[in-house]
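Visitor: Once you've had a glance at the structure underneath, I'll fire off some questions.
The values are calculated or read from the model by the stated rules, or taken from the named source; none is laboratory data. These numbers come from a predicted model, not from an experiment. Cβ: placed from backbone, ideal geometry, glycine included. Neighbour counts: every protein chain shown. In case anyone asks, the SASA skips ligands and DNA or RNA and just uses the protein heavy atoms, side chains included. Shrake-Rupley method; radii C 1.70, N 1.55, O 1.52, S 1.80 Å.
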Number of protein chains: 2
Amino acid sequence: MSDRPYEVIGTRPVRHDGADKVTGRAKFGADVRLPGMVYGYVLRSPHAHARIRRLDTTRAEQFPGVLAVVTAADLPESPDRPVDLVEGTLPLRYVRANVLARDKVLYKGHAVAAVAAVNRHVAEEAASLIEVDYEPLPAVLDVLGAMREDAPRVHEDLRMREFGETTERAGNIAEHFRFVLGEVEPSPTGEGLVPKGFADADVIVEREFRTAMVHQGYLEPQNATALWNQDGRVYVWTSTQGAFSAREAIAWVLDLPVSRVCVYPMEVGGAFGGKIRIYLEPVAALLSRKCGRPVQIVMPRRDVFEATGPTPGTVIRVKMGARKDGRISAAQVWMAYETGAFPSGQCAFGAMCILAPYDIPNLVIDGYDVVVNKPSTAPYRAPGATQAAFAAESVVDELAEKLGMDPIEFRLKNAAREGTRRADGPKHARIGCVEVLEAMRNHPHYRAPLEGQNRGRGVALGYWFNIGWYSACTISVNPDGTVNLVEGSVDLSGTRTSIAMQAAEVLGLRPDQVHPVVADTDSIGPTAVTGGSRTTYATGWAAYEAAHDVIRQMKQRAAMIWDVEPAAISFERGVFRTGERTMTFAELAARLEETGGPVIGRGAVNPASAGGSFAGAIADVEVDPGTGKVRLLRFTSLQDAGRAVHPTAVEGQMQGGSAQGIGWALFEEYAWTAEGAMANSSLLDYREPTALDVPPIETVIVEVPDPEHPFGVRGVGEANIVPPPAAIANAVYRAVGVRLRQLPLKASALVDALRAREN
Amino acid sequence: MSDRPYEVIGTRPVRHDGADKVTGRAKFGADVRLPGMVYGYVLRSPHAHARIRRLDTTRAEQFPGVLAVVTAADLPESPDRPVDLVEGTLPLRYVRANVLARDKVLYKGHAVAAVAAVNRHVAEEAASLIEVDYEPLPAVLDVLGAMREDAPRVHEDLRMREFGETTERAGNIAEHFRFVLGEVEPSPTGEGLVPKGFADADVIVEREFRTAMVHQGYLEPQNATALWNQDGRVYVWTSTQGAFSAREAIAWVLDLPVSRVCVYPMEVGGAFGGKIRIYLEPVAALLSRKCGRPVQIVMPRRDVFEATGPTPGTVIRVKMGARKDGRISAAQVWMAYETGAFPSGQCAFGAMCILAPYDIPNLVIDGYDVVVNKPSTAPYRAPGATQAAFAAESVVDELAEKLGMDPIEFRLKNAAREGTRRADGPKHARIGCVEVLEAMRNHPHYRAPLEGQNRGRGVALGYWFNIGWYSACTISVNPDGTVNLVEGSVDLSGTRTSIAMQAAEVLGLRPDQVHPVVADTDSIGPTAVTGGSRTTYATGWAAYEAAHDVIRQMKQRAAMIWDVEPAAISFERGVFRTGERTMTFAELAARLEETGGPVIGRGAVNPASAGGSFAGAIADVEVDPGTGKVRLLRFTSLQDAGRAVHPTAVEGQMQGGSAQGIGWALFEEYAWTAEGAMANSSLLDYREPTALDVPPIETVIVEVPDPEHPFGVRGVGEANIVPPPAAIANAVYRAVGVRLRQLPLKASALVDALRAREN
């Protein structure tokens, strides 16, 4: 007996999709080829805000090689109703309007019409023949400006929701919510509430932060291939994070029952939250209905930037007070997130996370979701939390400095624990906040001296709450003693393997003896999106249940063979046993046909919540004060994985999240023209971090098992992106003594700040 | 309440695959297109029997555009062992040798080597450059000649099995078995046994019959597309009757665990038993392994005839005696089936069926499976039974005539019933033999006068025992109140619908609310071949079980919602109920997410046996005595369906089986050259019946429910082909007074017989 509690969990097997991914055999959305398939191209708005006076597709339709042209007029007009997207509830009319603009275009790149033709070039040329008469309107581009009463309105019909109720107040503020803990009182200005506790504070820091809109930056562009079949069923092949969420959204937009839509989820070349929403799918379907052929549309890179969902830019104000004993006494947060052309719930996610690492007696958080004439934002890895942590962790760092405390010790003193109440109401369950901080404190990186001029070390902490949601699996036993596992979760990051490993653990098999299949929506039960770090957690749990269902049935078979009661049979480490008699899993698998036929297990779960994950980052930087260039010298990511099912995959998530966090910190932003056009919509101009920018990311997996999950798993996909920008900003401050409060930490801004300090 | 016992069973909904089939959207094996796919061509033997002295592929390999060449040397050499094919047990070495000949070629068309190239033409040209040095051997072409001690041997290593034991006797007789009922005694010649009872007989008829080798005649040629992946898994797309049986056979031939092979069953353009065996699949896989690309091979029509499995030609001797009271007192049968190049178990199937319609006190059946230098035979719709019934039903007709009895009354007098012992040992369960005969007797066709010269009416009866075997299904509930049904049974004849209807009946849904998916072997539990008329019977039963598993789980959900015990909830006609409270299936389906997640039901069965089906045929013919042309004036098919799930589909089976039986009766045969080459291997020369040959087939569905099956279903795919040749031969006799005892009933033979009678 090893002293490891598990045989499979915690090992590092080869990924099931490894060979296909490294040989190029894996099929992504744009690899789909169907007989008779034609190609679509989407015409998009050149204006950030304009009314469509007239739309004439006649010339495009007459262009040789064109098979169909569609506009918003081809969308069904079923009555409006609220629909639940992953990131919040939206009116159906807004979901449809983002697919194809009807009366107004709301951002540059907003889809206006689409053409299907014999090839992409003909489709693009024909699209240029579509005549659109636009009446340009003033564009709303700045979140604070957008909140003003006199700002131009993105939507005439938008009414602010405040504290959960819809008001009569028109404008660009989609939602205002407030979280309150402890004692609060009316603000001296008469507007809103302030927490008590600042009076007790020995130091108070109050700062305003801004973060730019950034893109998930996946390499694979959005794509969709659709066939509207003669029997009224719509088949869609797409690179999506959720076959079932895509099915549902396509059905909403096309006004079909969900079962009339079948989504084939293709391999996904990067998503990070950006491939939950649908964009091209209904357009390809409508084109297919018109021309009777399968239609494929693949976005050019420009459209990926301009017309999919980047993450909100924000303005966040944080005020925190602490006593000399190192305890935070009060916090007040004001946060405004630009949601793009349509509302989104990301500000609330940021508010759930911003103070979650800390036990703060009195706090008030006011959050605002604000629409602007920019692309409709979408989740991006711990959506809303990275912007929030940049603000809060900068202020926490400043507080620690003012109190003369080590920044990790200061955080430990205030760290949230099991039972600490979160700003959004519930208490923390068993969490690893303290354990992550202790791992940071004890890490050689943190203890190593950092010598040299203009060098500094920063730390930060981040939280993501993770989600549960519904998942389904089936497991069929093969006569050679292996099993096939059918799952509804799209595999973005090796979850075929992390889920298969959980089944293997139950079944006493090696991971390679569990063959996972990511199924289409016709072939498995509904399974929520791969997002919220839920997949290894919830679908792994469903696989665990399905594996137990297999074992239950196989015990019945063994009972038949041995002529005993099923209850008299045990199963451990792959062996069925009653008294002295034993049969291995493989031996019994070979006898299923004779004992009643195949064995299929089924598992389905819908955990209401999931254990949250904390992540820490330690960053060493060197600043060139002449150019403002920030060089990362060393970077360590630490994260509570609950139980790391596949440590290599967990480390990969931490490295990936850290690299993206480095991009947020130093380079990435949407640059805007005065008219609201994105000025850098190519991968040459939108600066993602490269191999030269990112040092080897050291990783430390902390394991504080989630007591709710059968194996203690916590989702690990997201929390790791949260702390890097704050850690790097704090490191820059330690290096050169200036604090930048705007992401990205641009070289020009740093040079300006250094010069300003000198003057 | 209707007085129909079922809401769905017995209705005639539109087929789920209807739109795809009529629009051409359905994808058959040859429609598969994979990135980088190349094309294979198989080089085949020009000799019926020859030793391969030398095989040189050098020039083919060097031909421009060639990517790989394979021969039997590329097959693995794992130790020989018996493997269970659907039609019997064969040594693995024979299964491999039929895929690619190693030392000897055993029939013209036997595969010798294969080439993969950039296109079919290059592959074919390169194949012609393969140098094969053959030493021709004398070919064994006649079943009776093959049985002689001094006949050339097809296999050096074949040892006869006799009465279930392997003997030391070498030769071409693969198997000799014997069925005995009642009292028997040693034959006067000292060889074998004869039944007692002939002494009591008032009339005795003893005749010899011959039937030609015929082909299933499906329009879609055999095909296979294979990818040997870098991770060692082999993916195969093929038009097959059984994805799992193909998986197993491919794994045998390639010496892989079954789970390393995944078979995607494509739509099938006709099979009838001929698409159970594998031919091209391992060849395409070996080519793919060599060249690293997907390889597709599609048989030319010539190869379909020469190298797939037609049905055995036979020589059958039947002796029957009957008393004046109309009771058959004894029967003796001697039957020899040519199995082609390798053994096959079809003679035993014929022996199980030949006397099954009758209660005969004393009988002996001796059967011989004999190898010859012809293609290895395969099942064809009630395999072995049609040839046997032609013989027995001709003799029965003659007996009735000699006794002056109506042929149906004579059959009724001797008809098998529940409890009648079958020649192969077991007693008949509840069967519909009498009911089918009564339906024939009462049918307007049988009662209608048939006037005019050279016209005659014949009848015959046929039996097929049907099989059970293993099947698996899963059913997932959609939130819109529909379900998806995943099944492992390939759909040859509308079984998507006949299976979905059984689930719909349980779930209280309409058939179109059950969406069936035929899955690949990675995505559902093992399911036996679509054959033996088992699919609607056994997979329908699995769907019934899966549907009940759904309802059990949904009752638990309803119990949660209503806060009652699941046992307190009833489900009837789509409505869950406890006390006064009700929820429809759709209402509850919409609430699964909130009550614990998705619901998936699973069902698996493996019935050891199935209820046999009886079919009758009534044929009116007109003979042109000058030309020998037989024109069918009217044809009626009657069959016991147990419970007809989808009567239109049942009628379709009866019409299809009758049309094929008409082909056997009048036209179809392999014509042979003296050297053992097929002389008519094209659809121009191999004479299948056309629309001009086949009158509208009237159908009568008899329903004698099988008490074992939850809905009383009996398989209906096969028994209908059994009686037509005998019925037509009997009709020809009634028309012109000569009995032909050789199939097909060729015009030339009829003219000869009429002339002989005149002389």
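Visitor: Tell me, how many Å apart are the Cα centres for the stretch A:521-563 and for the stretch B:448-482?
Guide: 37
Visitor: Also, I was wondering about something else. How many partner chain Cβ atoms sit within 10 Å of a residue's Cβ in peptide A:18-24, on average, as a whole number?
Guide: 3
Visitor: Roughly how many debye, to the nearest 20, is the charge dipole of the protein assembly as shown about its Cα centre, given +1 on each Lys and Arg Cβ, -1 on each Asp and Glu Cβ, and no other charges?
Guide: For the protein assembly as shown, the charge dipole is close to 780 debye.
Visitor: Past the 31 Å Cα-Cα mark, which pairs from B:LYS402/B:LYS746; B:LYS427/B:LYS555; A:LYS21/A:LYS108; A:LYS196/A:LYS413; B:LYS319/B:LYS629? Walk me through the numbers on the way to the answer.
Guide: Numbers: B:LYS402/B:LYS746 26 Å; B:LYS427/B:LYS555 41 Å; A:LYS21/A:LYS108 35 Å; A:LYS196/A:LYS413 20 Å; B:LYS319/B:LYS629 29 Å.
Correct reply: B:LYS427/B:LYS555; A:LYS21/A:LYS108.
Visitor: Here is a further query. So what J values fall out for the stretch B:209-223 if you push phi through Karplus, 6.51 cos²θ - 1.76 cosθ + 1.60 with θ = phi - 60°, rounded to Hz, Gly and Pro as x?
Guide: 10, 10, 10, 7, 5, 10, 10, 4, x, 4, 6, 7, x, 4, 8
Visitor: Taking all protein chains together and a probe of 1.4 Å, list A:TYR670, A:TYR41 from the most accessible to the least accessible. Can you show the working numbers first?
Guide: Numbers: A:TYR670 10, A:TYR41 35 Å².
Sorted by accessible area, descending: A:TYR41, A:TYR670.
Visitor: To the nearest 10 square angstrom, what accessible area does A:GLU77 show with a 1.4 Å probe?
Guide: Here the accessible area works out near 150 Å².
Visitor: Tell me, what is the percent relative contact order of the stretch A:218-266, built from C-alpha pairs under 8 Å that lie six or more residues apart?
Guide: 38
Visitor: What percent does the relative contact order of the stretch B:555-645 come to when contacts are Cα pairs within less than 8 Å and at least six residues apart? Don't skip to the answer; put the middle values down first.
Guide: Details: 84 pairs, mean separation 15.2, N = 91.
Value for the stretch B:555-645: 17 percent.
Visitor: Can you give the log10 of the normalised intensity I(q)/I(0) at q = 0.13, 0.14, 0.15, 0.27 Å⁻¹, computed with Debye over equal Cα scatterers of the stretch B:230-306?
Guide: So the normalised log intensities are -0.37, -0.43, -0.49, -1.43.
Visitor: Could you sort B:ILE721, B:ILE52 by accessible area so the largest value comes first, with the probe set to 1.4 Å? If you can, show how the numbers build up before the last one.
Guide: Numbers: B:ILE721 0, B:ILE52 25 Å².
Ranking B:ILE721, B:ILE52 by accessible area, largest first, yields B:ILE52, B:ILE721.
Visitor: Right, here's the next one. What do you reckon, how do A:ASP549, B:ASP56 stack up by accessible area (1.4 Å probe), largest on top?
Guide: In descending accessible area the options line up as B:ASP56, A:ASP549.
Visitor: Separate question: If N is the number of residues in the stretch B:16-125, what value comes out of its Cα radius of gyration divided by 2.2 N^0.38 Å?
Guide: 1.35
Visitor: Using only the Cα atoms of the protein assembly as shown, what do you get for the radius of gyration and for Dmax, in Å?
Guide: Rg, Dmax (Cα atoms, Å): 37.8, 133.
Visitor: So, by mean Cβ neighbours within 10 angstrom, what's the order for B:285-291, A:589-595, B:688-694 with the highest one leading?
Guide: Per-residue Cβ counts within 10 Å, averaged per peptide and sorted highest first, yield B:285-291, A:589-595, B:688-694.
Visitor: Further question: Which distances, in nm and shortest first, link the A:GLN556 label point to the same label point in every other copy, taking 7 Å along Cα→Cβ?
Guide: So the label point of A:GLN556 gives 1.3 nm to the other copies.
Visitor: Give me the dipole magnitude in Debye, nearest 20, for the stretch B:627-670 about the Cα centre, with unit charges on the beta carbon: positive for Lys and Arg, negative for Asp and Glu.
Guide: Here the stretch B:627-670 has a charge dipole of around 200 debye.
Visitor: What nm distance separates the two modelled labels at A:GLU435 and A:ARG591, each placed 7 Å from Cα along Cα→Cβ?
Guide: 4.2
Visitor: Could you list the square roots of 5 times each eigenvalue of the Cα gyration tensor of the stretch A:187-275, that is, the equivalent ellipsoid semi-axes, sorted largest first and rounded to whole Å?
Guide: Rounded to whole Å, the semi-axes are 48, 19, 10.
Visitor: Where nothing but the Cβ of Lys and Arg (+1) and of Asp and Glu (-1) is charged, how large is the charge dipole of the stretch A:642-748 around its Cα centre, in debye to the nearest 20?
Guide: Result for the stretch A:642-748 is approximately 400 debye, rounded to the nearest 20.
Visitor: In addition: Counting only residues 5 or more places away or on other chains, whose amide H sits under 5 Å from the amide H of A:CYS262 once H atoms are built in the peptide plane?
Guide: Sorted by chain and number, the residues that satisfy this are A:VAL234, A:TYR235, A:VAL236.
Visitor: Using the C-alpha gyration tensor of the stretch A:78-216, what are the square roots of 5 times its eigenvalues, in whole angstrom, with the largest one first?
Guide: In descending order the semi-axes read 42, 18, 16 Å.
Visitor: If the cut-off is a Cα-Cα distance under 20 Å, which lysines reach B:LYS290, setting aside same-chain residues fewer than 8 apart in sequence?
Guide: Within the straight-line cut-off, B:LYS290 pairs with nothing.
Visitor: Also: Please name which of A:GLY628, A:PRO379, A:GLY468 has its Cα lying farthest along the dipole of chain A towards the positive end, using unit charges on Cβ (Lys, Arg +1; Asp, Glu -1) and the Cα centre as origin.
Guide: A:GLY628
Visitor: How far is B:ARG33 from itself in the other copies, in nm, if each label sits 7 Å out from Cα along the Cα-Cβ line, shortest first?
Guide: Values, ascending and in nm: 0.6.
Visitor: Sticking with this structure for a sec: For the stretch A:302-396, evaluate the Debye formula with one uniform point scatterer on each Cα (no solvent term) and list log10 I(q)/I(0) at q = 0.11, 0.25 Å⁻¹, rounded to two decimals.
Guide: Evaluating at q = 0.11, 0.25 Å⁻¹ gives log10 I(q)/I(0) of -0.34, -1.21.
Visitor: Straight-line reach only, C-alpha to C-alpha below 18 angstrom: list the lysines that A:LYS27 could link to, leaving out same-chain residues fewer than 8 apart.
Guide: The reachable lysines, counting only those whose Cα sits under 18 Å from A:LYS27, are A:LYS275.
Visitor: Taking the Kirkwood radius as the inverse of the mean 1/r across Cα pairs, report the Rg/Rh of the stretch A:383-521.
Guide: Details: Rg = 21.9 Å, Rh = 19.2 Å.
Reported Rg/Rh (Cα atoms, Kirkwood Rh): 1.14.
Visitor: Once you average over the residues of A:590-598, how many Cβ atoms of partner chains fall within 10 Å of each Cβ?
Guide: If you average over the peptide's residues, the count of other-chain Cβ atoms is 6.
Visitor: Something else now. Which ³J(HN,Hα) values in Hz, rounded to whole numbers, follow from the phi angles of the stretch B:187-202 under the Karplus curve 6.51 cos²θ - 1.76 cosθ + 1.60, where θ = phi - 60° and Gly and Pro get x?
Guide: Taking θ as phi minus 60°, the curve returns 5, x, 6, x, 9, x, 10, 10, x, 6, x, 5, 5, 6, 6, 8 Hz for the stretch B:187-202.
Visitor: Sticking with this one: For label points placed 7 Å from Cα toward Cβ, what is the shortest-first list of nm distances from A:LEU633 to its copies?
Guide: Nearest to farthest, the other copies are at 10.7 nm.
Visitor: A follow-up question, please. Go from 0 up to the bin containing the longest alpha carbon distance in chain A, width 20 Å each, and give me the % of pairs per bin.
Guide: 17, 47, 30, 6, 0
Visitor: Take B:HIS121, project a point 7 Å from its Cα along the Cβ direction, then tell me which residues of the stretch B:59-73 have their backbone nitrogen under 18 Å from it.
Guide: B:63-67
Visitor: Step through the residues of the stretch B:60-75 one at a time and calculate ³J(HN,Hα) from phi using the Karplus curve (6.51 cos²θ - 1.76 cosθ + 1.60, θ = phi - 60°), rounding each to whole Hz and writing x for Gly and Pro.
Guide: After applying 6.51 cos²θ - 1.76 cosθ + 1.60, I find 5, 5, 8, 5, x, x, 8, 10, 6, 10, 10, 9, 4, 5, 8, 6 Hz.
Visitor: While we're here: Once you have the Kirkwood Rh of the stretch A:352-425 from its Cα pairs, apply Stokes-Einstein at 4 °C and 1.567 mPa s and quote D in µm²/s.
Guide: On the way: Rh = 14.2 Å.
My calculation gives 91 µm²/s for D.
Visitor: Calculate, for A:ARG51 and A:LYS629, the FRET efficiency according to 1/(1 + (r/R0)^6) with r their C-beta to C-beta distance and R0 45 Å; round to the nearest 0.05.
Guide: Efficiency for this residue pair is about 0.50.
Visitor: Given a cut-off of under 8 Å on Cα pairs at least six residues apart, what relative contact order in percent is computed for the stretch A:75-143?
Guide: Relative contact order of the stretch A:75-143: 15 percent.
Visitor: If you don't mind, another one. Using modelled backbone amide H atoms (1.01 Å from N, in-plane), which distant-in-sequence or interchain residues come within less than 5 Å of A:VAL713's amide H?
Guide: Correct list: A:ARG643, A:ASP706.
Visitor: How crowded by other chains is A:478-487, given as the mean number of beta carbons from other chains within 10 Å of each beta carbon? Before the final figure, lay out each step's value.
Guide: Numbers: counts 10, 7, 7, 3, 4, 2, 10, 2, 7, 0.
Counting other chains' Cβ atoms within 10 Å and averaging over A:478-487 gives 5.
Visitor: Let me ask something else. Can you grab the distance from the C-alpha centre of the stretch A:629-669 to the C-alpha centre of the stretch A:110-178, Å, no decimals?
Guide: Taking the Cα centre of each part, the stretch A:629-669 and the stretch A:110-178 sit 34 Å apart.
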